[in-house]
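Scroll down for the structure; my scribbles are underneath it.
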Amino acid sequence: MGTLTELQNEKNKILSAISKAAGEGKADTVLAESERLEKIENLISRQKQIRSELDGLRSGTPQTAQLKIRRIAATPVGESRSAQMVSSRELGEQIRSEFLRKREAEGIHLQLIKGKTIFRTRSGKRVGLAVATERQPNRWFLGLPAGGFDHAVLLCQRENGEVIDIPLPEKFFEKYGREMSESKGQLKFNVVNRGSGLLVQVPGTDGINGKSFTSDYSFLS
């Protein structure tokens with residue numbers, strides 16, 4: 001069995017563990033397994049890069065040309081945007097930029113003040129913009145620096161490329177912030193899509209509807 005196959009098998013096991021733990025409401029297990037998932041995905045990415053470079057050396061094809069060939073072959077017409085060979089960091093920046101552009105069109109200006117995720121409103125409140133792709137069907141795992149923001153917006157990209165946003169004003173965290181899980185300085189968000197809409201999983205609840213606290217972005221003014 002090749003290394004890449006072993007890594008993929010391990011990824012599938014972790015995804016199954018996350019799904020089981022989420023269904024049982026075990027938030028700590030979900031967080032721990034999500035961290036393992038991120039490490040496995042990084043290893044898979046590195047293994048694919050090594051394989052690509054090795055193939056280039058064997059064939060005598062320059063690495064840059066080899067990568068272009070592999071990208072064309074790996075991106076068929078109609079493939080979902082999240083599956084294309086765009087790094088998660090670049091994709092996150094694209095999704096945040098589109099969100100900021102829409103808010104600017106509404107007269108809402110957000111100024112970047114820390115890293116790439118924390119912004120400030122004209123009123124002085126801090127806003128965290130978290131982005132995640134659909135690693136599992138109808139599930140997203142996001143994080144923001146604990147204590148580093150007042151409001152938050154969760155930007156969840158579906159497998160088909162659609163981005164669904166969840167506005168969480170300060171009053172959401174005043175009510176549920178202490179119940180939410182933290183790991184390595186990050187406040188963790190577990191979002192699921194059910195018949196009633198997108199729900200933010202909060203221990204001790206059946207999930208909080210993402211639109212129950214606000215229906216617009218006036219709180220970002």
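Observations, loosely collected:
- Residue, surrounded by the fewest Cβ atoms within 10 Å (Cβ to Cβ), within segment 108-135, restricted to residues that are of a type in the set (Gly, Ala, Ser) and in contact with a Ser or Thr (Cβ under 8 Å, 6 or more places away or on another chain): 123
- Matching residues, segment 157-183, being over 17 Å from the mean Cα position of the chain (by Cα) and free of Cβ contacts under 8 Å to residues at least 24 places away in the same chain: 173, 174, 175, 177, 178, 180
- Qualifying residue in segment 86-107 (condition: in contact with a helix residue (DSSP H, G or I) (Cβ under 7 Å, 6 or more places away or on another chain) and open to solvent by 80 Å² or more (accessible area, probe 1.4 Å)): no
- Checking each residue in segment 184-203 for being surrounded by 15 or more Cβ atoms within 10 Å (Cβ to Cβ), in contact (Cβ under 8 Å) with a residue 40 or more places away in the chain and in contact with a Gly (Cβ under 8 Å, 6 or more places away or on another chain) picks out 186, 187, 188, 189, 191, 192, 198, 200, 201.
- Checked against (1) buried (at least 19 other Cβ atoms within 10 Å of the Cβ); (2) at pLDDT below 95, residue 206 meets all criteria but (1).
- Flag for residue 14 being at pLDDT 75 or above, open to solvent by less than 60 Å² (accessible area, probe 1.4 Å), assigned to a helix (DSSP H, G or I) and farther than 18 Å from residue 156 by Cβ: yes
- Scanning segment 145-159 for residues that are of a type in the set (A, V, I, L, M) and either open to solvent by less than 30 Å² (accessible area, probe 1.4 Å) or out of contact with any Leu (no Cβ under 7 Å at 6 or more places or on another chain) (or both) yields 152, 153, 154, 155.
- Filtered by the rule that a residue be of a type in the set (Lys, Arg), touching a residue at least 24 places away in the same chain (Cβ under 8 Å) and not in a loop (DSSP other than H, G, I, E, B), segment 110-145 gives 114, 126, 139.
- Of all residues in segment 17-28, those that are modelled with pLDDT of 75 or more, open to solvent by 30 Å² or more (accessible area, probe 1.4 Å) and either of a type in the set (D, E, K, R) or within 18 Å of the chain's Cα centre (by Cα) (or both) total 0.
- Scoring residue 178 on the criteria (1) surrounded by fewer than 19 Cβ atoms within 10 Å (Cβ to Cβ); (2) within 20 Å of residue 132 (Cβ to Cβ) leaves a single failure, condition (2).
The values are calculated or read from the model by the stated rules, or taken from the named source; none is laboratory data. Values in this document were obtained by computation on a predicted structure and should not be read as measured data. In this analysis, Cβ positions are derived from the backbone assuming ideal geometry, glycine residues included, and neighbour counts consider all displayed protein chains. All accessible areas refer to the heavy atoms of the entire protein, side chains included, with ligands and DNA or RNA removed. Shrake-Rupley method; radii C 1.70, N 1.55, O 1.52, S 1.80 Å.
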